[in-house]
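Input: a single structure, listed below in structure tokens.
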Amino acid sequence: MTDEILESLGEGVVAVDREAKVTFINKTASQMLSISQDLILHKKLDLLSSKLGRKSHELLLKVLDDLEPMKEPLTIRDDSPVVYDLIATPLSEKAGAILVIQDKTDAYRVLEMGKDFIANASHELRTPITIIRGFAETLQDMPDLSREKREEITDKIVRTCARLEKLVRSLIVLSDVEHLPADRMQSANLLAVLNRCKEQLLLLYPETELEINSPSEKAIAFIDVDLIEMALSNLLENGVKYSRGAAHIEVFVELLGPNIVIKIEDRGIGINASDLPHIFERFYTVDKARSRKSGGAGLGLSIVKNIIEKHKGKIFVTSKVGEGTVFTLILSQKI
Ligand code: ADP
């Protein structure tokens, strides 16, 4: 029974007797150590052919000698690192020792992604803070500035604060979107959501031409309305930001079996084929200066993708430099 439990564990387990003969090795350990259970069982411990094996071997012998439990981390750097925790414990009455090998690679990756995210977020936050500080210091050091100059500077401070606020809001959505409660999902008319996005966009960019095409007046989807509104607004605003002069955007809504397909087409600057696979990555911007000028930090599309994935939907993009870009979203009418 105990052996069956140990056999089914996701952790590797190796036990030796007081003479360092292997008395037990489960399947996970034999896979991790690339050694067949039959070949090692009841034989003197010999695991020296791999790095993980050598560390396991060394730890078991040390614990047999010292009779003290030990825990050691081990990182094996190949193409992508594999991270283990090795925990060795002496058995009572000097009967031998047992080693547990835990694969911690997934936890390590999550931690690394978190570190990357924090590094990128701090970098992006630092720029507007530096700008605000610089302008505020100018006001402090030069009390005799003309009224126009002062207004120009305070205007820049206010605009940079707005950018900072937008950035912080995006970061909060990004870190929270996976944890939003499911009861926010409801059947709602996508066309009404699109029309609200249109109104807001035209307030900001009145010269934009935006056409919404749909075969019927209703396109009911099962969605979190606020999130989908945020995703659609982001895509529409990108259509404006990455167009030269007044933007021309067309939206097509189509009911296709159980799905709703939304196409957002612009006639903007387009995206290079080499950038296209990366645009949904957090903090990825094709032209940093252009994004910054329009208040972007490369977070918009990663938020859109997260939102669509939370809806178990899909998002695709096609683009031609100089001709324009098409984002296609597929959502469910019902979940
Ligand atoms: P940003 O805040 O920089 O706009 P996004 O995540 O929204 O960040 O977009 C990432 C990059 O993808 C942008 O920097 C831009 O170069 C490119 N991009 C996004 N949408 C479009 C579009 N409709 N047309 C051309 N380029 C786009």
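The values are calculated or read from the model by the stated rules, or taken from the named source; none is laboratory data. Since we're looking at a predicted model, the values are computed, not measured. Neighbour counts run over all protein chains shown; Cβ positions are idealised from the backbone, glycine included.
Brief remarks on what is shown
- For segment 243-291, residues that are over 30 Å from SER175 (Cβ atoms) and either among the hydroxyl-bearing types (Ser, Thr, Tyr) or not in a strand (DSSP E or B) (or both) total 11.
- Restricting GLY239, GLY245, GLY295 to residues that are farther than 18 Å from ILE315 by Cα and either modelled with pLDDT of 95 or more or in contact with a Lys or Arg (Cβ under 9 Å, 6 or more places away or on another chain) (or both) narrows the list to GLY295.
- Selection within segment 315-331: residues that are of a type outside the set (Phe, Trp, Tyr) and buried (at least 19 other Cβ atoms within 10 Å of the Cβ). The member of this set that is farthest from the ligand (Cβ to nearest atom) is LEU331.
- Failed item, numbered, when PHE283 is tested on (1) in contact with a Gly (Cβ under 6 Å, 6 or more places away or on another chain); (2) modelled with pLDDT of 90 or more; (3) of a type outside the set (Ser, Thr, Tyr): (2)
- The listed residue being of a type in the set (Lys, Arg), at pLDDT 90 or above and closer than 28 Å to THR285 by Cα, out of ARG126, ARG159, ARG133, ARG150: ARG133
- Meets criteria (among the hydrophobic types (A, V, I, L, M, F, W, C), within 24 Å of the chain's Cα centre (by Cα) and within 16 Å of the ligand (Cβ to nearest atom)) for PHE283: yes
- Only one entry in ARG169, ARG184, ARG196, ARG244 is of a type in the set (D, E, K, R), within 16 Å of the ligand (Cβ to nearest atom) and farther than 23 Å from GLY322 by Cα, namely ARG169.
- If the condition is being without any contact (Cβ under 8 Å) to a residue 60 or more places away in the chain and either more than 9 Å from the ligand (Cβ to nearest atom) or surrounded by fewer than 21 Cβ atoms within 10 Å (Cβ to Cβ) (or both), then segment 257-269 contributes GLY257, ARG267, ILE269.
- Residue within segment 218-234 that is in a loop (DSSP other than H, G, I, E, B), crowded, with 21+ Cβ neighbours inside 10 Å, out of contact with any Gly (no Cβ under 8 Å at 6 or more places or on another chain) and of a type outside the set (Phe, Trp, Tyr) present: yes
- Condition met for ALA136 (surrounded by 13 or more Cβ atoms within 10 Å (Cβ to Cβ), assigned to a helix (DSSP H, G or I) and of a type in the set (A, V, I, L, M, F, W, C)): yes
- Hits in segment 1-23 - residues which are in contact (Cβ under 8 Å) with a residue 40 or more places away in the chain, under 17 Å from SER36 (Cα atoms) and assigned to a strand (DSSP E or B): GLY12, VAL13, VAL14, ALA15, VAL16, THR23
- Pairs, first hydroxyl-bearing (Ser, Thr, Tyr) in segment 288-313, second within 9 Å of the ligand (Cβ to nearest atom) and modelled with pLDDT under 85, C-beta under 6 Å, six or more apart: SER291/THR285; SER302/ARG282
- Taken together, LYS334, LYS312 contain a single residue that is out of contact with any Phe, Trp or Tyr (no Cβ under 8 Å at 6 or more places or on another chain), assigned to a loop (DSSP other than H, G, I, E, B) and more than 9 Å from the ligand (Cβ to nearest atom), which is LYS312.
- Failed item, numbered, when LYS288 is tested on (1) at pLDDT 85 or above; (2) within 9 Å of the ligand (Cβ to nearest atom): (1)
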